[in-house]
Amino acid sequence: MSVAEILVLGSVNRDLIVHAPRLPLPGETLRGQRFGSCLGGKGANQAVASARLGAKVALAARVGLLENGAAMVEQLKGEGVDTRAIAQPADEVPGVALIVVGAEDAENQIVTVAGSNGTLPLAQVEALELAGLRWLVAQQELPLESIARAFERAHAAGVKTLLNAAPYRPGCESLLPRVDLLVVNALEAQALVTTLGGGAAEPEALAQTLRAKGPSAVLVSLGAEGLCWVDAQGTRRVPARRVKAVDTVGAGDTLVGALVTALAEGQAIENALSFAQAAAAIAVSRAGVQDAMPHRDEVEQLLK
Ligand code: ADP
């Protein structure tokens, strides 16, 4: 297997999804209409998004082998993700997300259990092979101290760091000095700025405030409105592609996976942002999360 250029350090979950006529009340049992299970977790999602777009990507994660965790790792391998840095403890349960979707997808209820994601030890981070990498990518479903140490090691090795500060967690602001590129949605940007003592503000101002804390660039994603990008050259808004949205869950994961793929290839920012938004637009126009993520040729077709 060739050497990866992108290493994603992140979570792997099994998503268990039931569709019901509505959400249950406390203590109530409802008859659901459909059940499905699929591979999820922000780390797995972003690694798969990059792999589908042709990146050489590895995933560093922890997937317990109880409850059929081995099949989750096999599925990642089948997507072309380098899984050699995935620890597979025999006596742990993988992460799980239990999702109830109410009628017409109008509402949902989610409970996640970190499982083996929550026990990723510092020793695993110390052992990560960083030679030859261009980018290290992390989200916030793992212990924050593991992410902090990985970013510290990446910088010492000349590898750029991308933090997708999602889901927002108190204390994550301490990671900012070690981040080259911060990617957040508008809610996460506001939560971070509030923690830092700032007030409510427009995305551009939020991004500028966050950039002053360390990252050389900040991307605030704005759903159907696109995104706002701030770097040393200034601030810009890039509108989203107009598509009929079918399922926007996982849009941010596709955006991150596509953006880092384009940046690792050396694409200019302008092009990398268009590429990422094209990939995210395709993903939101289809049902599912990983199921909806596009392959390279589909994105190139849209960009023609
Ligand atoms: P998150 O999933 O992290 O909350 P957003 O909702 O901001 O992230 O979406 C991430 C990106 O996905 C946006 O910047 C945009 O490019 C794309 N996107 C999201 N929703 C739509 C939509 N309805 N139409 C077109 N593109 C969308």
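Quick notes on this structure:
- Qualifying strands (runs of 3 or more DSSP E) (wholly inside segment 140-250; at least 1 residues being of a type in the set (Phe, Trp, Tyr)): 227-231
- Condition met for Val249 (under 19 Å from the mean Cα position of the chain (by Cα), surrounded by fewer than 24 Cβ atoms within 10 Å (Cβ to Cβ) and β-branched (Val, Ile, Thr)): yes
- Just one of the listed residues (Ala278, Ala264) is more than 16 Å from the chain's Cα centre (by Cα), open to solvent by less than 10 Å² (accessible area, probe 1.4 Å) and within 9 Å of the ligand (Cβ to nearest atom), namely Ala278.
- Here Asn271 clears all of (1) open to solvent by less than 60 Å² (accessible area, probe 1.4 Å); (2) assigned to a helix (DSSP H, G or I); (3) closer than 15 Å to Arg296 by Cα except the condition numbered (1).
- Some residue of segment 10-32 being closer than 21 Å to Ala85 by Cα and at pLDDT below 95: no
- When residues in segment 247-261 are screened for being hydrophobic (A, V, I, L, M, F, W, C), under 16 Å from Leu302 (Cβ atoms) and more than 7 Å from the ligand (Cβ to nearest atom), 2 of them pass.
- Residue satisfying all of: in segment 233-245; within 9 Å of the ligand (Cβ to nearest atom) and either in contact with a helix residue (DSSP H, G or I) (Cβ under 6 Å, 6 or more places away or on another chain) or of a type in the set (Val, Ile, Thr) (or both); nearest to Val159 (Cα to Cα) among these: Val238
- Matching strands (runs of 3 or more DSSP E) fully within segment 1-116 where at least 1 residues are free of Cβ contacts under 8 Å to residues at least 40 places away in the same chain and surrounded by fewer than 24 Cβ atoms within 10 Å (Cβ to Cβ): 34-40, 108-113
- When segment 215-235 is filtered for residues that are exposed (fewer than 15 other Cβ atoms within 10 Å of the Cβ) and farther than 18 Å from Asp180 by Cβ, the ones remaining, listed by number, are Ala224, Glu225.
- Search result, residues across segment 150-194 that are polar (S, T, N, Q) and either closer than 19 Å to Gly41 by Cβ or within 16 Å of the ligand (Cβ to nearest atom) (or both): Asn164, Asn185, Gln190
- Filter result for Asp291 (within 21 Å of Cys172 (Cβ to Cβ) and of a type in the set (Asp, Glu)): no
- Residue check for Glu141: within 14 Å of the ligand (Cβ to nearest atom), of a type in the set (D, E, K, R) and either at pLDDT 95 or above or at negative phi (or both): yes
The values are calculated or read from the model by the stated rules, or taken from the named source; none is laboratory data. Everything numeric in this text was worked out from a predicted model, so none of it was measured. For neighbour counting, all protein chains shown are included, and Cβ atoms are generated from backbone atoms with ideal geometry for every residue, glycine included. Accessible surface is based on the protein model in full, side chains and every heavy atom, while ligands, DNA and RNA are left aside. Shrake-Rupley method; radii C 1.70, N 1.55, O 1.52, S 1.80 Å.
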